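The values are calculated or read from the model by the stated rules, or taken from the named source; none is laboratory data. Remember, it's a predicted structure, so these values are computed and weren't measured experimentally. Cβ sites come from the backbone with ideal geometry, for glycine too, and all protein chains shown count toward neighbours. Calculation scope for accessible area: heavy atoms of the full protein, side chains included, ligands and nucleic acids excluded. Shrake-Rupley method; radii C 1.70, N 1.55, O 1.52, S 1.80 Å.
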Number of protein chains: 2
Amino acid sequence: MSNYHPLTESEAIQIARSIAGIFETQGELISREIGDGNLNLVFHVSQPSSGRSLIVKQALPYAKVVGESWPLSLDRARIESEALLLESRLAPGLVPLVYHTDHDLALTVMEDLSSHKIMRQGLIDGGTYPLFAGHISEFLARTLFFTSDLGMNQQEKKTLLGSFINPDLCKITEDLIFDHPYTDADTNNFDEHLRDDAKQLWTDETLHLEIALLREKFLTHAQALLHGDLHTGSIFITPESTKVIDPEFAYFGPIGFDIGAVFANLLLHFASQEHWTTETSARSDRRQYLLGTISEIWTSFESKFRALWDEHGIDRVAKLKSYQDDYLKRLLQDTIGFTGAKMVRRIVGLAHVADIDRIPDADVRAKAQRIALEIGKSLIKINRQAISIEQLIDIAEASVQG
Amino acid sequence: MSNYHPLTESEAIQIARSIAGIFETQGELISREIGDGNLNLVFHVSQPSSGRSLIVKQALPYAKVVGESWPLSLDRARIESEALLLESRLAPGLVPLVYHTDHDLALTVMEDLSSHKIMRQGLIDGGTYPLFAGHISEFLARTLFFTSDLGMNQQEKKTLLGSFINPDLCKITEDLIFDHPYTDADTNNFDEHLRDDAKQLWTDETLHLEIALLREKFLTHAQALLHGDLHTGSIFITPESTKVIDPEFAYFGPIGFDIGAVFANLLLHFASQEHWTTETSARSDRRQYLLGTISEIWTSFESKFRALWDEHGIDRVAKLKSYQDDYLKRLLQDTIGFTGAKMVRRIVGLAHVADIDRIPDADVRAKAQRIALEIGKSLIKINRQAISIEQLIDIAEASVQG
């Protein structure tokens with residue numbers, strides 16, 4: 001890492017210009033740092049004369065959260081770029097193109113997706129994305145199947161796993177999702193009106209058992225190479241296109257964790273409708289759209305995953321129909337459990353979601369927060385008994401009735 | 001690996017002499033190659049004048065099995081020596097002392113245990129080992145607890161896991177234990193009188209589902225650093241002392257796999273009593289001794305593992321009593337399933353055990369083989385429902401009644 005230093009805007013331009021085939025030889029390049037400065041520098045480098053552009057993303061050696069800064073391995077930039085390259089091979093068109101990587105500088109040069117919106121903002125703005133369920137189920141089915149023991153040579157998978165050992169970023173998840181919300185931790189962060197709800201989380205032993213079991217899966221169950229942080233802020237979207245970004249949390253873990261991240265963030269947005277859609281029947285329509293999307297993602301994921309298994313399964317032992325059924329049943333259960341865990345942490349834990357935090361009225365916000373907590377806790381509690389995605393849908397619907 | 005070459009006996013002597021503090025400066029050293037030549041060279045280097053000795057073990061770059069030779073990574077020698085060093089730190093006195101390692105030459109110089117007997121032979125010779133249950137339960141509890149997420153810093157565990165990625169040796173287990181016995185594979189190897197029993201294994205879908213699930217655990221469940229091949233041929237023993245050797249299959253996998261290996265080999269010996277103990281009541285006593293040993297190992301393992309958890313558990317989330325109970329229940333279930341899988345493969349798969357193969361009379365041997373198969377299949381089928389070690393004992397007892 002001897003060459004490492006944070007890039008200036010003019011260095012970003014220099015690197016951008018060295019990438020063949022993007023910019024015209026003549027014509028000035030403009031660089032603008034557009035990152036939030038917490039974890040990464042993100043330079044948007046563009047050429048007004050040609051209308052072309054790209055992104056230079058560089059990891060910073062620390063994370064700034066709630067004013068504090070803690071050291072974070074630059075190796076996450078290597079992990080991110082290797083994950084992006086692998087994902088774009090497995091799910092072409094669903095991740096940004098990578099033009100160049102430099103592990104010493106901890107940087108990745110990639111496709112500019114400014115024509116897309118971050119999905120979280122898109123949803124807040126009232127957007128609908130009819131192709132999203134198809135795209136994300138394709139991304140999930142293909143990236144997860146082909147990096148699991150079902151679709152990848154099992155010896156090569158072990159070697160690949162060795163290059164995605166990601167202790168720093170996994171630690172964030174282990175603490176912030178699977179530990180702190182369930183105890184009176186300093187990092188917790190919630191509106192004072194939620195204190196009793198938070199305290200209830202800290203003493204619910206039924207919930208604690210399920211969280212311990214989900215956490216154990218996150219720690220030990222190396223099923224496939226996960227994105228690891230697949231919330232709606234890691235997805236660039238338009239009505240026609242979906243691009244999954246930022247796989248710096250990638251590691252080999254339980255498949256349901258990635259699917260659950262998508263569901264949790266759709267359900268957090270579902271809860272936030274208390275504010276974003278004021279008219280009652282429009283709100284109900286919006287919620288049906290979100291639940292319909294979840295249902296369609298699961299159904300499409302399941303049928304695509306099964307089709308890949310039937311067509312590309314490399315494992316003689318796994319050809320048994322009853323094993324495939326059992327495997328998918330467990331994926332659904334894990335998905336439901338992780339969905340719940342990822343909702344609870346966004347209400348009482350360190351990092352929240354704009355869908356809910358940006359609700360200005362405290363009472364409305366509290367209502368949305370309690371809907372999210374209620375859904376989250378219920379999903380965590382039923383996860384090991386779940387047999388159908390309808391159970392998740394029913395729990396979400398019940399949370400906004402009466 | 002540029003320096004690698006198979007050692008001669010005189011080179012083994014040279015290396016042995018370079019180890020400080022073992023041999024007297026004066027006095028000839030004698031080297032004798034005592035390995036079986038399949039996977040490793042094993043030099044016994046001794047000094048008659050001082051009565052001192054040591055072992056130089058060197059990995060060969062291939063495995064010779066059934067006349068064929070296939071390439072095998074020399075990295076297994078590094079894995080073996082690193083596992084030995086770690087085990088001797090975690091379970092002092094229960095593994096041979098390591099004096100020296102050389103990764104280029106793929107060799108480990110270690111304590112000579114000629115005063116001990118290989119446990120498989122010890123049992124065949126009618127030996128009893130009253131301290132064995134205490135020793136092996138200690139070895140299992142300490143090595144497995146302290147390399148799991150319960151007893152080891154969870155970030156350090158991920159890094160350690162990276163240095164125990166062991167594709168070649170895992171492949172042997174995946175194929176020979178969890179695949180080939182359940183299909184008409186070329187590598188299978190059984191007495192012709194067992195053909196119908198073998199065929200029945202190839203078509204039993206209930207069994208195939210359980211094997212697929214156990215195999216998935218072996219492939220994905222990185223619970224702790226396993227020995228990986230803990231049969232009675234990997235244990236040196238006297239009535240007073242137990243030393244676990246040969247951890248070249250070490251990798252991060254499901255804890256029950258190691259415990260199951262011990263139980264399977266005690267039960268294979270149990271089945272072989274058809275021949276080794278001819279007098280009926282002595283045979284019954286011998287079998288009770290073996291079952292008592294299994295029962296004591298489980299009970300001691302469980303109480304030691306729980307005690308380590310209570311005293312040295314590093315994980316706040318895991319402090320919940322109901323989680324510990326659930327974890328131990330799952331360990332028992334895995335143990336029972338892996339015990340069964342490891343019995344079946346020793347009857348119809350490639351590699352057998354001397355306890356049974358050395359029975360000269362074909363009818364007696366067939367009876368022992370069918371007892372082992374019956375126990376193995378039953379254990380595999382009940383594994384996910386098991387709640388007590390008594391269920392394993394009952395199945396073993398039933399197999400020799402009537």
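Going through (1) within 27 Å of B:PHE139 (Cα to Cα); (2) in a strand (DSSP E or B) one by one, B:ILE22 falls short only on (2). Among the residues examined, B:SER322 does not qualify as at pLDDT below 95 and assigned to a helix (DSSP H, G or I). Mind checking which residues of the stretch B:54-70 are open to solvent by 50 Å² or more (accessible area, probe 1.4 Å) and at pLDDT below 80? Matches in the stretch B:54-70: B:LYS64, B:VAL66, B:GLY67, B:GLU68, B:SER69, B:TRP70.
For B:LEU219, state whether it is of a type in the set (A, V, I, L, M, F, W, C), at the interface with another protein chain (Cβ under 7 Å from one of its Cβ atoms) and either surrounded by fewer than 17 Cβ atoms within 10 Å (Cβ to Cβ) or touching a residue at least 24 places away in the same chain (Cβ under 8 Å) (or both). Criteria met by B:LEU219.
Screening A:LEU7, A:LEU41 for residues that are in contact (Cβ under 8 Å) with a residue 12 or more places away in the chain, assigned to a strand (DSSP E or B) and either open to solvent by 30 Å² or more (accessible area, probe 1.4 Å) or closer than 16 Å to A:VAL109 by Cβ (or both) leaves exactly one candidate, A:LEU41.
Name the single residue, out of those in the stretch A:203-213 being touching a residue at least 40 places away in the same chain (Cβ under 8 Å) and at the interface with another protein chain (Cβ under 10 Å from one of its Cβ atoms), that is surrounded by the most Cβ atoms within 10 Å (Cβ to Cβ). Here the answer is A:ILE211. Beta carbons closer than 6 Å, at least 6 apart along the sequence or on distinct chains, pair a first residue in the stretch B:142-171 that is free of Cβ contacts under 8 Å to residues at least 12 places away in the same chain with a second that is open to solvent by 40 Å² or more (accessible area, probe 1.4 Å) for B:GLN155/A:LYS171. Only one entry in B:THR101, B:THR173, B:THR108, B:THR128 is surrounded by fewer than 18 Cβ atoms within 10 Å (Cβ to Cβ) and β-branched (Val, Ile, Thr), namely B:THR128.
Per the listing A:PHE139, A:PHE145, A:PHE132, A:PHE164, the residue uniquely within 11 Å of another protein chain (Cβ to nearest Cβ) and not polar (S, T, N, Q) is A:PHE164.
On the stretch given as the stretch A:362-396, residues that are open to solvent by 10 Å² or more (accessible area, probe 1.4 Å) and either over 22 Å from A:THR280 (Cα atoms) or outside the structural domain of A:GLU210 (by TED's automatic domain parsing) (or both) total 11. Restricting attention to the stretch A:176-190, does a residue exist that is within 7 Å of chain B (Cβ to nearest Cβ), within 22 Å of the chain's Cα centre (by Cα) and open to solvent by less than 40 Å² (accessible area, probe 1.4 Å)? Checked against the condition, which is being within 7 Å of chain B (Cβ to nearest Cβ), within 22 Å of the chain's Cα centre (by Cα) and open to solvent by less than 40 Å² (accessible area, probe 1.4 Å), the stretch A:176-190 yields at least one hit. With respect to A:ALA282, is the statement that it is hydrophobic (A, V, I, L, M, F, W, C) and open to solvent by 30 Å² or more (accessible area, probe 1.4 Å) true? Criteria met by A:ALA282.
The criterion of being under 30 Å from A:PHE178 (Cβ atoms) and surrounded by 18 or more Cβ atoms within 10 Å (Cβ to Cβ) holds for B:ALA318. Once the stretch A:365-385 is narrowed to residues that are touching a Gly at 6+ places or on another chain (Cβ under 8 Å) and small (Gly, Ala, Ser), the residue that is nearest to A:PHE338 (Cα to Cα) is A:GLY376. Here B:LEU169 passes the criteria (1) more than 13 Å from chain A (Cβ to nearest Cβ); (2) at pLDDT below 95 except the one numbered (1). Can you find a residue in the stretch B:343-356 that is modelled with pLDDT under 95 and surrounded by fewer than 17 Cβ atoms within 10 Å (Cβ to Cβ)? Within the stretch B:343-356, one or more residues are modelled with pLDDT under 95 and surrounded by fewer than 17 Cβ atoms within 10 Å (Cβ to Cβ). Any residue that is within 14 Å of chain A (Cβ to nearest Cβ), of a type in the set (Lys, Arg) and open to solvent by 10 Å² or more (accessible area, probe 1.4 Å) - is there at least one of those in the stretch B:236-246? So far as the stretch B:236-246 goes, no, none of its residues is within 14 Å of chain A (Cβ to nearest Cβ), of a type in the set (Lys, Arg) and open to solvent by 10 Å² or more (accessible area, probe 1.4 Å).
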